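Undergrad: Sharing a structure here in structure tokens format.
The values are calculated or read from the model by the stated rules, or taken from the named source; none is laboratory data. All values derive from a computational prediction rather than experimental measurement. Neighbour counts run over all protein chains shown; Cβ positions are idealised from the backbone, glycine included. Surface areas here come from the heavy atoms of the whole protein model, side chains and all, with no ligands, DNA or RNA. Shrake-Rupley method; radii C 1.70, N 1.55, O 1.52, S 1.80 Å.
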Amino acid sequence: MPESRPNVAATADVDPRATIGAGTRIWHLAQVREDARVGADCIVGRGAYIGPGVVVGDRCKIQNHALVYEPAVLEDGAFVGPAVVFTNDYYPRAVNPDGSLKSADDWHAVGVTVRTGASIGARSVCVAPVTIGRWALVAAGSVVTKDVPDFALVAGVPARRIRWVGRAGAPLERDGGDDWVCPTTGERYVERDGVLRLAQ
């Protein structure tokens, strides 16, 4: 079967230097900047922004009006909810101390990394540089200021871990000692020294 082509809405602004994978859909008024790489079978929602050089893996969803500023990296299967913001500047200023307008040469961009399968809830802000661990879940409206462990559910301002979640996204249930189980899939997990892993 031939590989499907990207489906880009007529009102989307996709720079010709961007790379868009097969089967990816880019909706109305979205903008994908130069040298961005969006993988296969992704969805980029209405009004979303993907900055220059941003890397998006396969089967990712970037929902309406999310702002993914460079140099963000999203691994396969990442979910970015509506109106999420990824920052990229330690000390944001419009002007230098002498009053001159800042240019790209006047700052060093820092990025947000979202690992495989992780999800960022609606209207969350991820303050770079942070890494959201594999299959982690950031609750809607959170402000993430430090790295999020694999399988962690974080919430609040600033975001803190409140539960563990499995690959299905459901909160895990304790099953004695350091063992956890997913009520949806039955997958089992083991916690050691504050780190959660799939059981072997």
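Undergrad: Quick one: longest stretch of the chain between exposed loop GluC sites (Glu not before Pro), exposed meaning at most 13 other C-beta atoms within 10 Å and loop per DSSP? Show your work: numbers first, answer last.
TA: Values: sites that count: Glu3, Glu34.
Between exposed loop sites, the widest span is 35-200.
Undergrad: Turning to a different aspect of this structure: I'd like the Karplus ³J(HN,Hα) series for region 78-93: coefficients 6.51, -1.76, 1.60, θ = phi - 60°, whole numbers in Hz, and an x wherever there's a Gly or Pro.
TA: Running phi through 6.51 cos²θ - 1.76 cosθ + 1.60 with θ = phi - 60° gives 6, 10, 10, x, x, 6, 5, 10, 9, 7, 8, 9, 4, 10, x, 8 Hz.
Undergrad: Gap in Å between the Cα centre of region 131-157 and the Cα centre of region 32-62?
TA: 21 Å
Undergrad: Below 14 angstrom from the Cβ of Gly121, what's the summed charge of the other residues (Lys, Arg +1; Asp, Glu -1)? The partial results should precede the final answer.
TA: Working: positive: Lys61, Arg123, Arg163; negative: none.
Neighbourhood net charge equals +3.
Undergrad: Per residue, how much accessible area does the chain show when a 1.4 Å probe rolls over the protein heavy atoms, in square angstrom?
TA: Numbers: 10640 Å² over 200 residues.
For the chain, the solvent-accessible area averages 53 Å² per residue.
Undergrad: With both bridge residues required to lie in the chain, what share of the DSSP beta bridges run antiparallel, to the nearest 5%? It would help to have the intermediate numbers written out before the result.
TA: Values: 15 of 53 bridges.
Given both bridge residues lie in the chain, the antiparallel proportion sits at roughly 30 percent.
Undergrad: Amide H of Glu70: which non-local residues (sequence gap of 5 or more, or other chain) have their own amide H closer than 5 Å, using H built in the peptide plane?
TA: Result for Glu70 returns Gly51.
Undergrad: Sticking with this structure for a sec: So who's got an amide H within less than 5 Å of the one on Val80, skipping anything under 5 residues away but keeping other chains? H placed 1.01 Å off N, in plane.
TA: For Val80, whose amide H was placed from the backbone, the distant partners under 5 Å are Lys61, Ile62, Gln63, Ile120.
Undergrad: Can you give the relative contact order of the chain as a percent, counting alpha carbon pairs under 8 Å and 6+ residues apart?
TA: The value is 10 percent.
Undergrad: Right, next: So, counting K/R as plus one and D/E as minus one, what does the shell of residues with Cβ under 13 Å around Ala18 add up to? Each step should come with its number before you reach the end.
TA: On the way: positive: Arg17, Arg33, Arg37; negative: Asp13, Asp15, Glu34, Asp35, Glu70.
Neighbourhood net charge equals -2.
Undergrad: Give the relative contact order (percent, whole number) for region 100-200; include only Cα pairs under 8 Å separated by 6+ residues.
TA: Working: 232 pairs, mean separation 15.7, N = 101.
Computed value for region 100-200: 16 percent relative contact order.
Undergrad: Which one of Cys42, Asn64, Gln31 is farthest out on the positive end of the charge dipole of region 21-67, using unit charges on Cβ (Lys, Arg +1; Asp, Glu -1) and the Cα centre as origin?
TA: Asn64
Undergrad: On the principal axes of its Cα set, how long, how wide and how thick is the chain? Give whole Å, largest value first.
TA: The Cα atoms of the chain stretch 59, 55, 24 Å along the principal axes, largest first.
Undergrad: Working with all protein chains in place, sort Val80, Val181 by solvent-accessible area computed with a 1.4 Å probe, largest first.
TA: So the residues, ranked largest to smallest area, are Val181, Val80.
Undergrad: Of the heavy-atom accessible surface of the chain (probe 1.4 angstrom), what whole percent is carbon and sulfur? Could the numbers behind the result be given before it?
TA: Values: 5420 of 10640 Å².
Solvent-exposed carbon and sulfur of the chain make up 51 percent of the total.
Undergrad: Go through Leu101, Leu29 and list them by solvent-accessible area, largest first, probe radius 1.4 Å.
TA: The residues order as Leu101, Leu29, largest area first.
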